[in-house]
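The values are calculated or read from the model by the stated rules, or taken from the named source; none is laboratory data. Here the structure is a predicted model, which means the values were calculated and not measured. So basically every Cβ, Gly included, is an ideal-geometry build from the backbone, and we count neighbours across all protein chains shown. Ligands, DNA and RNA are excluded from the accessible area calculation, which covers all protein heavy atoms including side chains. Shrake-Rupley method; radii C 1.70, N 1.55, O 1.52, S 1.80 Å.
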Amino acid sequence: MTNSLTDLRRDVEDFLYSEAKMLDEQRYDEWLDLFTEDVHYWMPITETREVRQHRDHVPGEWSLMEEDARFLAKRIERLAGGLAHSEQPRSRTRRFISNVLVTPGPDGDLVAECNFIVFQSRRANSEQFFVGSRRDRIVTSGESWKIAERTVLLDHRVLPRAISIFF
C-alpha cells in the first residue's frame, strides 16, 4: 500500500468518525450537509438465503429505508419539531465504525466500506444494538467530501422495534 492510499484511508476514516460523532450528538443539520442533493440513502431488507443463493440487493425492492435528501430533511424536521413520537424522549446513541476500506471508484469518486455497531438507549429499560456494514460512494464537492450514496446492510433478520435513528 502506498503512502497516499494510507493517507486517503485515514482521511476517510476521520470523515466517517466525525459523521458518527455528529449523529451521536444529534447535530442533524450538520450531518445532512455531508450528503449530496441527489443522495440515495438505502437500507434493504436482510434476507436469509441458502449458501448457493447469492443475489445482490437491487434498489426499488423491499427496503427498511430508501430515502433522498428531501426525505432525510423531513425526518430531521420531525425530530426537531417533536413530531417523531418514536424519538420522544430522544434516544441516546453511540456509534462504532471499524474495518474501513477505501477504493477509488468511477469518475474520481471513492468507495468507502465499513462495519458498524450502533448502541441505542431509550427510556429506562429499552436498549438495542444494531450491527451491520455500510457502503458509501463519496464525491468531491469543492474542498470537502459529500456522500452521494449510502447502502446500509443490517445483520439482523428480525428487528426488535421500528428504526428511528440514522446509520
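Scan the range 127-138 for residues that are touching a Leu at 6+ places or on another chain (Cβ under 8 Å) and hydrophobic (A, V, I, L, M, F, W, C) and jot them down.
F130, V131, I138
List the number of the failed condition for R70; all other conditions in (1) at pLDDT 85 or above; (2) open to solvent by less than 100 Å² (accessible area, probe 1.4 Å) hold.
(2)
Which pairs turn up if I take residues in the range 63-78 that are closer than 20 Å to R90 by Cβ and look for partners that are assigned to a helix (DSSP H, G or I) and open to solvent by 100 Å² or more (accessible area, probe 1.4 Å) with beta carbon separation below 8 Å, at least 6 apart in sequence or on another chain?
Hits for this filter: I76/D29.
Please find, within the range 110-151, the residue that is most open to solvent (accessible area, probe 1.4 Å) out of those that are within 11 Å of the chain's Cα centre (by Cα) and of a type in the set (G, A, S).
The selected residue is S133.
Could you count how many residues in the range 142-162 are in contact with a strand residue (DSSP E or B) (Cβ under 8 Å, 6 or more places away or on another chain) and either at pLDDT 80 or above or of a type in the set (F, W, Y) (or both)?
Number satisfying all stated conditions: 12.
Identify, by number, the condition in (1) in contact with a Phe, Trp or Tyr (Cβ under 7 Å, 6 or more places away or on another chain); (2) part of a helix (DSSP H, G or I); (3) over 21 Å from T151 (Cβ atoms); (4) at pLDDT 85 or above that D7 doesn't meet.
(1)
Please verify whether T103 is without any contact (Cβ under 8 Å) to a residue 12 or more places away in the chain, part of a strand (DSSP E or B) and on the phi < 0 side of the Ramachandran plot, treating the condition exactly as stated.
Values: without any contact (Cβ under 8 Å) to a residue 12 or more places away in the chain: yes; part of a strand (DSSP E or B): yes; on the phi < 0 side of the Ramachandran plot: yes.
Answer is yes for this residue.
Filter the range 108-125 for residues that are in contact with a Pro (Cβ under 9 Å, 6 or more places away or on another chain) and either free of Cβ contacts under 8 Å to residues at least 60 places away in the same chain or part of a loop (DSSP other than H, G, I, E, B) (or both) and give the result. Let's see the steps before the verdict.
Within the range 108-125, the first condition is being in contact with a Pro (Cβ under 9 Å, 6 or more places away or on another chain), and the residues that meet it are 110-111, 122-123.
Those that are in contact with a Pro (Cβ under 9 Å, 6 or more places away or on another chain) and either free of Cβ contacts under 8 Å to residues at least 60 places away in the same chain or part of a loop (DSSP other than H, G, I, E, B) (or both): V111, R122, R123.
Only residues that are over 19 Å from R122 (Cα atoms) and touching a Lys or Arg at 6+ places or on another chain (Cβ under 9 Å): list them for the range 140-167, please.
T140, I147, A148, E149, R150, T151, V152, L153
Here is a yes/no grid of residues against (1) among the acidic types (D, E); (2) closer than 19 Å to A162 by Cα; (3) modelled with pLDDT of 75 or more; (4) exposed (fewer than 14 other Cβ atoms within 10 Å of the Cβ):
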site	(1), (2), (3), (4)
V12	no, no, yes, no
L16	no, no, yes, no
F35	no, no, yes, no
E50	yes, no, no, yes
P59	no, no, no, yes
K74	no, yes, yes, yes
E77	yes, yes, yes, yes
P89	no, yes, no, yes
L101	no, no, yes, yes
